[in-house]
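In what follows, a single structure is set out as structure tokens and then discussed.
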Amino acid sequence: MEFRVERRDPASIGLALEALGPWLQRVGPVAVIDLETTGLPESRSAEILEVGILLLEPGQTTVGVCSSLVRPSRGIPGLVSRLTGLVDEDVSAAPTLSMIREKVQELLAGRILVAHQSEFERSFLERDIDSSFGIARYLDTQEILSLTHPDASDLRLETFTRILLGREERHRALQDAIDATCVLAEIAKGARAGEHRYREARRILDRHLDPIWSSVLAISSTLRETLRLAIRSS
């Protein structure tokens, strides 16, 4: 299986890419990454089982997608199989991590890395891909969701795929990376429309989160002008 980037129309994966335009103009190239693994980072025997990467660049009208199963050195635990649907036979012909490690490094180099619960991805990337990923720049989508949706029952990705996307999380690497990006786009769309929860979130964002998130919550120029005129006439 060749591990390569495929360019896609964002509409084909349900992504409203234009909503993320102001944010991408501010942050530059982004890689949204998700890993499926055979265990938690605390376990030295845990291995990367699947890599999914979504590449976004300012001004681009397409996105890059790249994914690969990874053949671990041990069998897939039953709990992981129940979660992901993957069994040993699915990865028997997949490349080992050593076969794709250099390509993963190449794809992520020079980009801000975005993930849902990013410490999980950081731990595996640093340990199993390259130690430089321990000091790379990460943005965690849980952070902005904790601010925009303080009323949510929890901050799991599957909760927000239901709330904002109306679908179930698949627990597969590429689809989870796509879902995390689509969730961000839905937040950006709501903010541009001036929805109350996003206006409130924007008020406190710079005091509590990395300000690099602020452009996700930017309102549209039309709405900004409407609000300005309303304030002037009040």
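The values are calculated or read from the model by the stated rules, or taken from the named source; none is laboratory data. Just so it is clear, the model here is predicted, and its values are computed rather than measured. Glycine also receives a Cβ, built like all others from the backbone with ideal geometry; neighbour counts cover every protein chain displayed.
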**Request:** State which residue is nearest to Glu126 (Cα to Cα) when the search covers only region 30-60 and only residues that are in contact with an Asp or Glu (Cβ under 8 Å, 6 or more places away or on another chain) and either hydroxyl-bearing (Ser, Thr, Tyr) or surrounded by fewer than 16 Cβ atoms within 10 Å (Cβ to Cβ) (or both).
**Result:** Thr37
**Message:** Against the condition touching a residue at least 12 places away in the same chain (Cβ under 8 Å) and assigned to a helix (DSSP H, G or I), how does Pro22 come out, does it pass?
**Reply:** yes
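Per-residue answers, yes or no, for (1) under 14 Å from the mean Cα position of the chain (by Cα); (2) hydroxyl-bearing (Ser, Thr, Tyr); (3) outside any helix (DSSP H, G or I):
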residue	(1), (2), (3)
Arg162	no, no, no
Arg167	no, no, yes
Val183	yes, no, no
Glu186	yes, no, no
Arg199	no, no, no
Leu205	no, no, no
**Fill in**
When restricted to Thr141, Thr96, Thr148, Thr161, the only residue more than 20 Å from Ala188 (Cβ to Cβ) and either of a type in the set (Ser, Thr, Tyr) or at pLDDT below 95 (or both) is Thr96
**Complete:** Picking from Ser153, Ser214, the residue that is small (Gly, Ala, Ser) and touching an Asp or Glu at 6+ places or on another chain (Cβ under 8 Å) would be Ser214
**Fill in**
Subset of region 161-209, residues of a type in the set (S, T, N, Q) and more than 19 Å from Glu143 (Cα to Cα), comes to Gln175
**Fill in**
For region 82-103 the number of residues that are part of a helix (DSSP H, G or I) and either buried (at least 16 other Cβ atoms within 10 Å of the Cβ) or touching a His at 6+ places or on another chain (Cβ under 6 Å) (or both) is 8
**Request:** Tell me, yes or no, whether region 121-135 has at least one residue that is basic (Lys, Arg), part of a helix (DSSP H, G or I) and within 14 Å of the chain's Cα centre (by Cα).
**Result:** yes
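When you scan region 121-130, do you find a residue that is under 21 Å from Val216 (Cβ atoms), of a type in the set (A, V, I, L, M, F, W, C) and surrounded by 13 or more Cβ atoms within 10 Å (Cβ to Cβ), even just one?
So the first thing to find is which residues in region 121-130 are under 21 Å from Val216 (Cβ atoms), and the list is 121-122.
Applying the additional criterion that residues be of a type in the set (A, V, I, L, M, F, W, C) yields none.
Among the residues of region 121-130, not one is under 21 Å from Val216 (Cβ atoms), of a type in the set (A, V, I, L, M, F, W, C) and surrounded by 13 or more Cβ atoms within 10 Å (Cβ to Cβ), which makes the answer no.
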